[in-house]
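Report on the structure given below.
The values are calculated or read from the model by the stated rules, or taken from the named source; none is laboratory data. No experiment lies behind these values; they were computed from the predicted model shown. Here the Cβ positions follow ideal geometry from the backbone for every residue, glycine too, while neighbour counts run over all protein chains shown.
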Amino acid sequence: VFYVLATVFHRQVWTIHLCAATACGAVWQMLTYLGVAAEFYTLTFALVGLGLLVVYRFAVLERFAAGPLADAAFQSANTLLSLSFVAALFLGLSRLATERIQWANVGLLAVLTAISLLALALVRHAAWRRWYVVTAIGQAGLTFLGVTVLSELSPWQKAEIFSVSIGFLLLVAGHVGW
């Protein structure tokens, strides 16, 4: 709250970054106090980043100051989202490699996929849009692999589901491109 008020009243750019960092730290402490598993901290960073991206996109900061505050919110949002997506990617790969993946991890990856798609819808910059497409594909791929590992289907049934899923995605991509 202090850094939000400093941003509003003093119109200083660096307070946006400190606001994002302290918000993540506060939520992190609350989750630790509540005994939440460590892998869900990536969701914390993603939600704070998504919140900053929404603030940037709908120009809530533009009422209080000119472009530098909105640019700082945009930079902080992309940093937090990128950190959370990369951390979740490494966490998911390590869980798959050690075969310690659980349905909670798959659910987390699915939520992060949805957040990545929301970020893709909110961002107008072409480079960041490409990055969010890559993260959405990576998170969706890890979600699919997690479901595949946890399912009790035979290898042929898993191959069939994989083939149908890829065919469906190619069909959708073809129609979107058309």
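Among the residues making up region 26-41, those that are surrounded by 11 or more Cβ atoms within 10 Å (Cβ to Cβ) and under 24 Å from Leu109 (Cβ atoms) are Val27, Trp28, Met30, Leu31, Thr32, Val36, Ala37, Glu39, Phe40, Tyr41. Filtering region 86-142 to residues that are of a type in the set (S, T, N, Q) and part of a helix (DSSP H, G or I) leaves Ser94, Asn105, Thr113, Ser116, Thr135, Gln139.
Per the listing Gly174, Gly146, the residue uniquely among the small types (Gly, Ala, Ser), surrounded by fewer than 20 Cβ atoms within 10 Å (Cβ to Cβ) and either out of contact with any Cys (no Cβ under 6 Å at 6 or more places or on another chain) or at pLDDT 90 or above (or both) is Gly174.
Is at least one residue of region 88-95 among the small types (Gly, Ala, Ser) and in contact (Cβ under 8 Å) with a residue 40 or more places away in the chain? Scanning region 88-95, I find at least one residue that is among the small types (Gly, Ala, Ser) and in contact (Cβ under 8 Å) with a residue 40 or more places away in the chain, so the answer is yes.
Going by the conditions given, is Asn78 part of a helix (DSSP H, G or I), closer than 19 Å to Ala126 by Cα and at pLDDT below 90? Against the criterion (part of a helix (DSSP H, G or I), closer than 19 Å to Ala126 by Cα and at pLDDT below 90), Asn78 qualifies.
Scanning region 73-89 for residues that are within 14 Å of the chain's Cα centre (by Cα) and either farther than 16 Å from Ile137 by Cβ or among the hydroxyl-bearing types (Ser, Thr, Tyr) (or both) gives Ser76, Ala77, Asn78, Thr79, Leu80, Ser82, Leu83, Ser84, Ala87.
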